[in-house]
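The structure under discussion appears below in the form of structure tokens.
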Amino acid sequence: MDHKKVRDVGLAAAARAGEVLRGFWGKTREIKKKGAIDLVTDADVASEEAVIGVIRTAFPGHTIQAEEGGLISGESAFRWIIDPLDGTTNFAHNLPEFCVSIAFSYEEELIFGVVLNPIKKELFFGMKGVGAYLNGKPIGVSGVNQVRDALLVTGFPYHSDPIIEALMRRFQRCLQAAQGLRRLGSAALDLCYVACGRFDGFWEQKLAPWDTAAGVVIARQAGGVITDFSNETYSINGDEI
């Protein structure tokens, strides 16, 4: 497996998607609902098509798992995991906290991840054994090791009714224990902000693989420790991070 080609193709796909999202930014757009509050816009669809086009040209046989289009079967050992627009609600409200997120795994091991906020022009990427970077400069997690000194970030699932009481208890405990707590609306960016030390910790429930895959690579390569709520090894197919 050519890691350099994977990196170059992933970065090219993110750049192309970024161009697409900038083209839609601030303009009237078509907005649909996948659920009660789960949105999808024409920008999501166009961005995903752009990413898949770049990847398919370079790696026509690879499996692709994308938020809007589902699973495109291919060689099972090679998988691209794509969120064409993480933070769609922010995007729909003209809040510039959103991104395109692309990850690559080989034999179920995450190898590469890239997250691009095209409005703020921040490009995060990480490669196993190579490190994590923001706009080409190495990044690392903060040195904070006490919750009372930490700025934390979290998110809320679209379907929170079954777990709302447990969710709010956890939120309250973290709010009382930490220096501060934020909720931005993009799990991929939350993980990247932990990776570069802007946040000291992040947790969330009921995320999909495309929400976390790229950010997990970047955070790990920046020195982050990622587990589930029971301190067991995190899986992108798991329910807690």
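The values are calculated or read from the model by the stated rules, or taken from the named source; none is laboratory data. Worth saying up front: this structure is predicted, and the values here are computed from it rather than measured. FYI the Cβ positions are ideal-geometry reconstructions off the backbone, even for glycines, and counts take in every protein chain you see. Side chains are part of the model used for accessible areas, which takes the heavy atoms of the whole protein and leaves out ligands, DNA and RNA. Shrake-Rupley method; radii C 1.70, N 1.55, O 1.52, S 1.80 Å.
Some observations on this one:
- Summarised as an ellipsoid, the range 129-222 has semi-axes of 24, 17, 9 Å, derived from the eigenvalues of the Cα gyration tensor scaled by 5 and square-rooted, with the largest first.
- Met1 - accessible surface, heavy atoms, 1.4 Å probe, Å² rounded to 10: 100
- Order of exposure, largest accessible area first, which applies to Trp25, Trp203 with probe 1.4 Å: Trp25, Trp203
- Alpha-carbon Debye profile of the range 89-173, log10 I(q)/I(0) at 0.21, 0.22 Å⁻¹: -1.14, -1.12
- Around the Cα centre of the range 73-149, unit charges on the Cβ atoms of Lys, Arg, Asp and Glu (plus for the first two, minus for the last two) sum to a dipole of about 340 debye.
- The range 114-241, accessible surface, carbon-and-sulfur percent (1.4 angstrom probe): 49
- For the chain, averaging the sequence separation of C-alpha pairs within contact (under 8 Å, six or more residues apart) and dividing by the residue count gives a relative contact order of 18 percent.
- Rounded to the nearest 10 Å², the accessible area of Phe124 at probe 1.4 Å: 0
- Of the peptides 97-104, 108-115, the order by per-residue mean of other Cβ atoms within 10 Å, starting with the highest, comes out as 97-104, 108-115.
- Local electrostatic count at Ala17 - Lys and Arg +1, Asp and Glu -1, tallied over other residues with Cβ under 12 Å: -4
- Rg [Å, one decimal], Dmax [Å, integer] - the chain, C-alpha atoms: 17.0, 50
- A Cβ-based charge dipole, computed about the Cα centre of the range 168-241 with Lys and Arg at +1 and Asp and Glu at -1, lands at about 300 debye.
- For Lys206, the solvent-accessible surface computed with a 1.4 Å probe is close to 90 Å², ligands and nucleic acids excluded.
- DSSP bridge orientation in the chain - percent antiparallel, rounded to nearest 5: 75
- Applying 1/(1 + (r/R0)^6) with R0 = 30 Å to the Cβ-Cβ distance of Glu240 and Ser76 gives a FRET efficiency near 0.70.
- The slack in the chain from Gln172 to Ser230, taken as 0.36 nm per residue of separation less the alpha-carbon distance, amounts to 19.0 nm.
- Gyration tensor (alpha-carbon) shape descriptor, the range 191-230, a/c threshold 1.5: prolate
- Counting lysine pairs in the chain that sit 8 or more residues apart in sequence, or on different chains, and whose Cα atoms lie under 21 Å apart gives 11.
- Solvent-accessible heavy-atom area per residue, rounded to whole Å², over the chain at 1.4 Å: 47
- All-pairs alpha carbon distance profile, the range 50-109, 5 Å steps from 0, percent: 4, 18, 26, 21, 13, 9, 6, 2
- Ordering of 70-81, 226-237 by packing [mean C-beta count within 10 Å, highest first]: 70-81, 226-237
- Extending 7 Å from Cα along the Cβ direction at Arg198 and again at Glu108 yields two label points whose distance is 3.4 nm.
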